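In what follows, a structure is listed as structure tokens, so that the remarks can point back to it.
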Amino acid sequence: MKFARFYSCIILQIVLKPSNLSFADAETIKTNLQRCLEDGEFDPNVDYFPDKFVPHETTDLFTITYHNTYKIIHNKYINHNKTYLLYQCGTEPPAEELDGRHQVVLSVPHTGGIGVTETPQITPLEMLGKRSEIKGYWGDPKFISSPCLDYIIAENFDDMIILDPDDPWGTSAVELAMEANWMNNHPDALVCRGIFEQGNGARDLTIAGSQEKTNVATFDWLGYYAALFNLERKANEIVAETEGRYSCSAQNALYLSSDIPKEEKPTVLWARHFSGTGWSVAECPLDDSEDSVYYCEYAHHCGANILSRPEGVGFNVSYGGPEVYWYLTDEQFLEFGKDAGIWIHPARDFEKLYEEKKDLLDKFKSVQKKKVYDVQGRYGSYGWYEQRFSEYDVVALDFCEVVGLS
């Protein structure tokens, strides 16, 4: 399987000389600036953000509104619901907006560095050519699959890594002190927080792309990152190219499956086991729509059937947030998935799991036919978590190949 590769491109800048700039010259700005305005350049009638990012119609959790000299990101994730004011460097933020309503007020393009707390936050920055802006990583670097970032971290380990090996939850006094020291050493840096973190600081940005319903919407968060660097044009190009490849694979699958009755299409079991809890399985809408969880969308995209947990079956657990997670017992899981011809196990421990539950798993058709697939791929044990959000078109190609419709 050939994987898509993303390359940084050069963004052309309009070089303006403050000594002879006129307002007419300013009006010729064709792309978002990659620098600050100099004294005497500012024209209040000029739109300094001609490149705008408009999220896809299925993107629910963030919006960006544009004004001549500033833009506002609205993070609509239920646990956050905050706004960030980004104003063109070299101008002043509008006074009427400085009433405390915005969590973050930031000049752009941002050059003060970024701290990342989850590996899926890495690839959007790399795709935008901003890997060098990553100045800190919260966690164990063994989870990072980017070889270039691994190299950078190896050269700057003590300055970049915030980790207490004795506290995997990152709440120890040791790690909090390391974070405070990093923030002090990087006074202009932003920190990308996950959905389970508070993320209420004046330099915190909550990243909730994983909570979007569709793969396209999840990928759309590239525009969220791009707005920080005035790179909306680049984000628009990458988003359009990726969605084009995704649509192409869907058309191919539709052509190959158009004459196959629904009951004869390949059936996929999407499931993994959480030790001490139970089996987590797919939950998809009854109308087989694409506006659903990513694995349901992949099945729909590739013309396959995917088993979905029947309503009311199993037990649920809440981990402190608004989300409720459902699980099946071994007995329920056997009844649910034993007849599926294909099993996709979205984790890296199937061999260990098989040894623990061999008697149970040998009853599954997918195991008997050796049609069980994990998600380790070429990026290794942890690459799935870092890469699938940014290469959803490639994941779709793999899914279609697995079900025989590529």
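The values are calculated or read from the model by the stated rules, or taken from the named source; none is laboratory data. Note that this is a predicted model, so its numbers are computed, not measured. Every residue, glycine as well, gets a Cβ built from its backbone with ideal geometry; the counts of neighbours run over all protein chains shown. Just so you know, the surface numbers come from the protein's heavy atoms only, side chains and all, with ligands and any DNA or RNA stripped out. Shrake-Rupley method; radii C 1.70, N 1.55, O 1.52, S 1.80 Å.
Numbers at a glance
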{"read-out": "Hits in segment 353-380 (condition: modelled with pLDDT of 95 or more and assigned to a helix (DSSP H, G or I))", "value": "L353, Y354, E355, E356, K358, D359, L360, L361, K365, S366, V367, Q368"}
{"read-out": "Residue count for segment 316-352, restricted to those that are assigned to a loop (DSSP other than H, G, I, E, B) and hydroxyl-bearing (S, T, Y)", "value": "3"}
{"read-out": "Residues (of a type in the set (D, E, K, R) and in a helix (DSSP H, G or I)) located in segment 189-242", "value": "E232, R233, K234, E237, E241"}
{"read-out": "Residues that are modelled with pLDDT under 95 and open to solvent by 20 Å² or more (accessible area, probe 1.4 Å), drawn from segment 77-93", "value": "I78, N79, N81, K82"}
{"read-out": "Residues of segment 349-391 classified as more than 27 Å from E264 (Cβ to Cβ) and either surrounded by 22 or more Cβ atoms within 10 Å (Cβ to Cβ) or not polar (S, T, N, Q) (or both), total", "value": "26"}
{"read-out": "Subset of segment 110-129 [under 20 Å from Y392 (Cβ atoms) and surrounded by 20 or more Cβ atoms within 10 Å (Cβ to Cβ)]", "value": "V116, E118, T119, P120, Q121, I122, T123, P124, L125, M127, L128"}
{"read-out": "Residue list for segment 320-332, filter: open to solvent by 60 Å² or more (accessible area, probe 1.4 Å), without any contact (Cβ under 8 Å) to a residue 40 or more places away in the chain and farther than 11 Å from W279 by Cα", "value": "V324"}
{"read-out": "Considering residues of segment 151-167 that are within 14 Å of E133 (Cα to Cα) and not in a loop (DSSP other than H, G, I, E, B) only, the residue most open to solvent (accessible area, probe 1.4 Å)", "value": "D159"}
{"read-out": "Single unsatisfied condition, S107 versus (1) among the polar types (S, T, N, Q); (2) under 26 Å from E175 (Cα atoms); (3) open to solvent by less than 60 Å² (accessible area, probe 1.4 Å)", "value": "(2)"}
{"read-out": "Residues of segment 211-239 that turn out to be open to solvent by 30 Å² or more (accessible area, probe 1.4 Å), farther than 25 Å from L405 by Cβ and not acidic (D, E), as a count", "value": "3"}
{"read-out": "Number of positions in segment 168-193 that are under 21 Å from L86 (Cβ atoms) and open to solvent by less than 10 Å² (accessible area, probe 1.4 Å)", "value": "4"}
{"read-out": "Which numbered condition E311 fails, given (1) surrounded by fewer than 18 Cβ atoms within 10 Å (Cβ to Cβ); (2) in a strand (DSSP E or B)", "value": "(2)"}
{"read-out": "Neighbours by Cβ (under 7 Å, 6+ apart or cross-chain): first from segment 182-193, of a type in the set (A, V, I, L, M, F, W, C); second open to solvent by 10 Å² or more (accessible area, probe 1.4 Å) and not in a loop (DSSP other than H, G, I, E, B)", "value": "A189/K135; V191/D204"}
{"read-out": "Filter result (touching a residue at least 40 places away in the same chain (Cβ under 8 Å) and among the hydroxyl-bearing types (S, T, Y)) within segment 81-108", "value": "Y84, T91, S107"}
{"read-out": "Residue among W270, W279 that is farther than 30 Å from K52 by Cβ, crowded, with 20+ Cβ neighbours inside 10 Å, touching a Lys or Arg at 6+ places or on another chain (Cβ under 8 Å) and among the aromatic types (F, W, Y)", "value": "W279"}
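For (1) under 28 Å from L397 (Cα atoms); (2) among the acidic types (D, E), each residue gets a yes or a no:
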| residue | (1), (2) |
| --- | --- |
| K262 | yes, no |
| A282 | yes, no |
| A299 | yes, no |
| E311 | no, yes |
| G314 | no, no |
| G320 | no, no |
| L328 | no, no |
| H345 | yes, no |
